[in-house]
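Beneath this line is the structure, given in structure tokens, with notes to follow.
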Amino acid sequence: MGSSVTDDLDRLIHERVRLGIVAALAADENLSFGDLKTILNTSDGNLSVHARKLDEAGYIKVTKGFTDRKPKTEYRLTAKGRRALEAYLDQMETILSVARDALERS
Amino acid sequence: MTIPTHEDQQQAKETLAYIRRTMESASTFTAVSGWGLAAVGIVGMLAAWLAWSGGTPSDLRVWIPAAVVSITIAMAANAAKARRLEVPVWSGAVRKIVGVVTPTLAAGALLTYALHDHGVAQLLPGTWLALYGAGVSAGGTFSIRAIRAMGVAFLILGAAALIRPDLGLLWLGVGFGGLHLGVGLDIVWRHGG
């Protein structure tokens, strides 16, 4: 995007993979690395990089552990992350609403 | 607010559609009902106990009704969970899973008839477990890892039952009873019901 209308958007979740992670975790509170990779159809490296950024921002919580001696990483959406997604959705809906109003007035 | 450009509007529409698709996909991905699977496990245990009581491990008078009851429970529980998650009951992922699992179940029905008809019913437990495992592990590609792992475990139990047909009923109880119950409760715990 990049117009003045979209300047206020939360850049952290505006990126497509990060938005996908947050949206998927909003629908299912607990997903593993493998589950998220399948849902978003992305690579290991891509998912790791974007998940780390969301984790650093406090939008998601990462739990690392072992199941049957194999490493297992699980993700959860934090309250901060959920609020960020809700705010982002509001902004998207506002863009459409303002555009619709402008169209009706013209 | 500045009036959004046509490009802004299109981007907003596409973004909202992407969010909706992703949420729907994540919900459907885990829409396998853990409670339903656990209930199927209890039916499996009851069937194994009934077959043991009757002295015929692969008694079709026990296992066919048990399969019908289990499929009914699983369908009803999955539909209920989908409604609760507000995702389509008959979504793309569910269609794919059913499309993959159905041929192996049909093959299982054919082999049941053939093996029973030829008097080698002792191979039925291994056949059921292996074919069910093949179907679930393939269908599990469209669902959470626990389902795929369960499919592989059924395959292993099927191999064990074919190697040791004399222990067929034990493997049936462990698979259709214990595995379903364990994985079902794990899904309840991890994926909300």
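Against the test of being surrounded by fewer than 21 Cβ atoms within 10 Å (Cβ to Cβ), within 14 Å of chain A (Cβ to nearest Cβ) and either touching a Leu at 6+ places or on another chain (Cβ under 8 Å) or modelled with pLDDT of 95 or more (or both), the options B:Leu50, B:Leu16 yield a single qualifying residue, B:Leu16. Go through the residues of the stretch B:61-82 one by one and say whether even a single one is more than 14 Å from chain A (Cβ to nearest Cβ), surrounded by fewer than 14 Cβ atoms within 10 Å (Cβ to Cβ), of a type in the set (S, T, N, Q) and under 22 Å from the mean Cα position of the chain (by Cα). Yes.
Quick one: in the stretch A:42-63, which of the residues that are closer than 25 Å to B:Thr141 by Cβ and out of contact with any helix residue (DSSP H, G or I) (no Cβ under 9 Å at 6 or more places or on another chain) is farthest from the other protein chains (Cβ to nearest Cβ)? Here the residue is A:Gly45. One residue stands out among those in the stretch A:9-41 that are more than 9 Å from chain B (Cβ to nearest Cβ) and among the acidic types (Asp, Glu): the one that is farthest from the chain's Cα centre (by Cα), which is A:Asp10. Screening chain A for helices (runs of 4 or more DSSP H) wholly inside it with 1 or more residues that are under 18 Å from B:Met23 (Cα atoms), hydrophobic (A, V, I, L, M, F, W, C) and without any contact (Cβ under 8 Å) to a residue 40 or more places away in the chain returns the ranges A:16-27, A:33-40, A:44-56, A:79-105. Which residue is nearest to the chain's Cα centre (by Cα), if the candidates are limited to the stretch A:60-106 and must be polar (S, T, N, Q) and surrounded by 15 or more Cβ atoms within 10 Å (Cβ to Cβ)? Top of the filtered list is A:Thr78. With respect to (1) within 13 Å of chain A (Cβ to nearest Cβ); (2) at positive phi, the lone exception for B:Arg145 is condition (2). If only residues of the stretch B:108-151 that are within 22 Å of A:Asn30 (Cβ to Cβ) and of a type in the set (A, V, I, L, M) are counted, the one that is modelled with the lowest pLDDT is B:Ile144. Residues that are out of contact with any strand residue (DSSP E or B) (no Cβ under 6 Å at 6 or more places or on another chain) and farther than 17 Å from A:Gly81 by Cα within the stretch A:26-46 comprise A:Gly34, A:Asp35, A:Lys37, A:Thr38, A:Ile39, A:Leu40, A:Asn41, A:Thr42, A:Ser43, A:Asp44, A:Gly45, A:Asn46, listed in sequence order.
The values are calculated or read from the model by the stated rules, or taken from the named source; none is laboratory data. Owing to the predicted nature of the structure, the values given are computational and were not obtained by experimental measurement. Glycine gets a Cβ as well: all are built from the backbone with ideal geometry, and neighbour counts include every protein chain shown.
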